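Colleague: Encoded as structure tokens, here's the structure I'll be asking about.
The values are calculated or read from the model by the stated rules, or taken from the named source; none is laboratory data. Fair warning: this is a prediction, and the values are worked out from it, not measured in the lab. Heads up, the Cβs are rebuilt from the backbone with ideal geometry, glycines too, and the neighbour counts pull from every protein chain shown.
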Amino acid sequence: MQLERIQQVLQAEQLDGWLFYDFRKSNPIAYQVLQLSLHGFYTRRWFYYVPAHGTPVALVSAVESHVLHELPGERRVFRTWQEMHATLQSLLAPGMRIAMEYSPMNAIPYMSRVDAGTLELVRSFGAEVISSANLAQRFVAQLSEKQIQGHREASRRLIAAKDQLFRELGNDLRTGIALNEYQVQQRFVQLIREHGLSAPEAPIIAVNAHASNPHYAPSAVQHSPILHGDLILFDFWGHLPEPDSVYVDYTWMAYAGKHAEIPQRQREIFEIVRRARDTGIAFVRERLAADGPVEGREVDDVVRGVIAQAGYGDYFVHRTGHSITTAEHGDGANIDNFETQDARYLLPSTCCSIEPGIYLPEFGVRSEVDLLVLEHDAEVTGVPAQEEIVALL
């Protein structure tokens, strides 16, 4: 547990303390920040209070007095709910500003881990509860230099796997070999592994109208053929096969035919999506270069505005991007003011996707790259970023 760092963050944010609470592993953020194993046996409520200055206090049930033993500080054991309340009250003086895993109005559900009743209890002692959303990012989303380098290497390998797949598909189309979504998906899985990456879930391969469903997934029993003239969406991801490796996650569009055959409408829709993607990236880079904070929701508004101005706002049906960590969808700031209202900052040494899309009834288009947020800039991975639909022939 990074006690010194937690207290430094609390002092910088002018908070009196951070009160971690869990019941039956309902608060995974607490386990990550405190570096607790989720494999332990937890059936009773526990609290762990880290003051901005001084010694932490663990408050645990007599039934499970062994829990939190690996954490520093004092240990106080309660038998009854009355004892639990009394101990909490002794820790929380009126007027104190206390961080907890909650989100006002549930704006960021990923951070809304403490139930309303527990919040009422804490507030009944006169403490003001502040969302730990931005604090927690520093412990669950910021990457080490080794992880950043690993992300870059995984990016190179994944793009190489994609390039090889596209070459093979072009050869198959030229020689008349039958193709379908599922068969191509399984081939892509094998190529990703051959390039030294791990991908627990198979990529998305979606043809024409199937690409209009952002989370379509072909299967052995439900898939479509890939024929000459089809538009194909490829959404693929993976990470190095090492502990604590960070994901990469990209989406490319290809056409089963020659460049001159790509329908003009598909070209136009892709160009709008590409422009929205690049406008969002430019916004982040400009704000960071000026030492200004960037909220995830602000980036979503900028990207979404490009698509809305082009007349396709109703067809962009998901957030612009998501946090990326050792999980494909991490617990850091999402690029979202659509599905949720994510006011968290894009902190240095974090990673997120930028993936706008337009999903029409007849076909869908998405373009996805990843963004490494640095101290005063942002780095695009998955380069070269796609600039036009790839013709496979």
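Colleague: With respect to Ala310, is the statement that it is in contact (Cβ under 8 Å) with a residue 24 or more places away in the chain, surrounded by fewer than 21 Cβ atoms within 10 Å (Cβ to Cβ) and touching a Lys or Arg at 6+ places or on another chain (Cβ under 9 Å) true? Even if it seems obvious, please write down each step before you answer.
Modeller: On the way: in contact (Cβ under 8 Å) with a residue 24 or more places away in the chain: yes; surrounded by fewer than 21 Cβ atoms within 10 Å (Cβ to Cβ): yes; touching a Lys or Arg at 6+ places or on another chain (Cβ under 9 Å): yes.
Taking the combined requirement at face value, the residue satisfies it.
Colleague: Looking only at the stretch 249-274, filter to residues that are outside any helix (DSSP H, G or I) and touching a Gly at 6+ places or on another chain (Cβ under 7 Å); which one of those is nearest to Ser367 (Cα to Cα)?
Modeller: In the first step, residues of the stretch 249-274 are kept if they are outside any helix (DSSP H, G or I); the result is 249-258, 262-263.
If we keep only those that are touching a Gly at 6+ places or on another chain (Cβ under 7 Å) too, we end up with 250, 256-257.
Details: Tyr250: 8, Ala256: 17, Gly257: 19 Å.
So, considering only residues that are outside any helix (DSSP H, G or I) and touching a Gly at 6+ places or on another chain (Cβ under 7 Å), the one nearest to Ser367 (Cα to Cα) is Tyr250.
Colleague: Answer yes or no as to whether Glu145 is farther than 25 Å from Ile269 by Cα and of a type in the set (Asp, Glu). I'd like the intermediate steps shown before the answer.
Modeller: Numbers: farther than 25 Å from Ile269 by Cα: yes; of a type in the set (Asp, Glu): yes.
Yes; evaluated as a whole, the condition is true for this residue.
Colleague: Residues that are without any contact (Cβ under 8 Å) to a residue 60 or more places away in the chain and β-branched (Val, Ile, Thr): find the strands (runs of 3 or more DSSP E) completely inside the stretch 1-78 holding 1 or more of those.
Modeller: Values: elements: 17-22, 46-51, 57-61, 74-78.
The strands (runs of 3 or more DSSP E) meeting that bar are 46-51, 57-61, 74-78.
Colleague: Another question about this same structure. How about the stretch 190-206: which of its residues are surrounded by 16 or more Cβ atoms within 10 Å (Cβ to Cβ) and closer than 13 Å to Asp235 by Cβ?
Modeller: Ile192, Ala199, Ala202, Pro203, Ile204, Ile205, Ala206
Residues checked against (1) part of a strand (DSSP E or B); (2) farther than 30 Å from Thr325 by Cβ; (3) under 20 Å from the mean Cα position of the chain (by Cα); (4) touching a residue at least 12 places away in the same chain (Cβ under 8 Å):
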position	(1), (2), (3), (4)
Asp172	no, yes, no, no
Tyr182	no, no, no, yes
Pro218	no, no, no, yes
Gly229	no, yes, no, yes
Phe236	yes, no, yes, yes
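Colleague: Right, here's the next one. Can you go through Asp300, Asp244 and tell me which one is charged (D, E, K, R), on the phi > 0 side of the Ramachandran plot and within 18 Å of the chain's Cα centre (by Cα)?
Modeller: Working: Asp300 fails: on the phi > 0 side of the Ramachandran plot.
Exactly one residue qualifies, and that residue is Asp244.
Colleague: Please specify each residue of the stretch 98-142 satisfying the condition of being among the hydroxyl-bearing types (Ser, Thr, Tyr), buried (at least 18 other Cβ atoms within 10 Å of the Cβ) and farther than 24 Å from Asn337 by Cβ.
Modeller: Thr118
Colleague: Which members of the stretch 26-47 meet the condition of being over 13 Å from Ile6 (Cα atoms) and either touching a Gly at 6+ places or on another chain (Cβ under 6 Å) or surrounded by 15 or more Cβ atoms within 10 Å (Cβ to Cβ) (or both)?
Modeller: First, pick out the residues of the stretch 26-47 that are over 13 Å from Ile6 (Cα atoms): 26-29, 31, 36-47.
If the condition is that a residue be over 13 Å from Ile6 (Cα atoms) and either touching a Gly at 6+ places or on another chain (Cβ under 6 Å) or surrounded by 15 or more Cβ atoms within 10 Å (Cβ to Cβ) (or both), then Ser26, Asn27, Pro28, Ile29, Tyr31, Leu36, Tyr42, Arg44, Arg45, Trp46, Phe47 are the ones that fit.
Colleague: Here's a follow-up. For the structure I just gave you, tell me whether Lys146 is basic (Lys, Arg), at pLDDT 95 or above and crowded, with 16+ Cβ neighbours inside 10 Å.
Modeller: Against the criterion (basic (Lys, Arg), at pLDDT 95 or above and crowded, with 16+ Cβ neighbours inside 10 Å), Lys146 does not qualify.
Colleague: Is it the case, given these coordinates, that Ile307 is closer than 30 Å to Asn171 by Cβ and among the β-branched types (Val, Ile, Thr)?
Modeller: Criteria not met by Ile307.
Colleague: Anything in the stretch 142-160 that is touching a residue at least 40 places away in the same chain (Cβ under 8 Å), part of a helix (DSSP H, G or I) and aliphatic (A, V, I, L, M)? List them, or say none.
Modeller: Hits for the stretch 142-160 are Ile148, Ala154, Leu158, Ile159.
Colleague: Mind checking whether some residue in the stretch 169-186 is farther than 20 Å from Val390 by Cα, surrounded by fewer than 17 Cβ atoms within 10 Å (Cβ to Cβ) and not aromatic (Phe, Trp, Tyr)?
Modeller: Yes, the stretch 169-186 has at least one match.
Colleague: Within the stretch 263-282, is even one residue crowded, with 21+ Cβ neighbours inside 10 Å, among the charged types (D, E, K, R), touching a residue at least 40 places away in the same chain (Cβ under 8 Å) and in the same structural domain as Gln386 (by TED's automatic domain parsing)?
Modeller: yes
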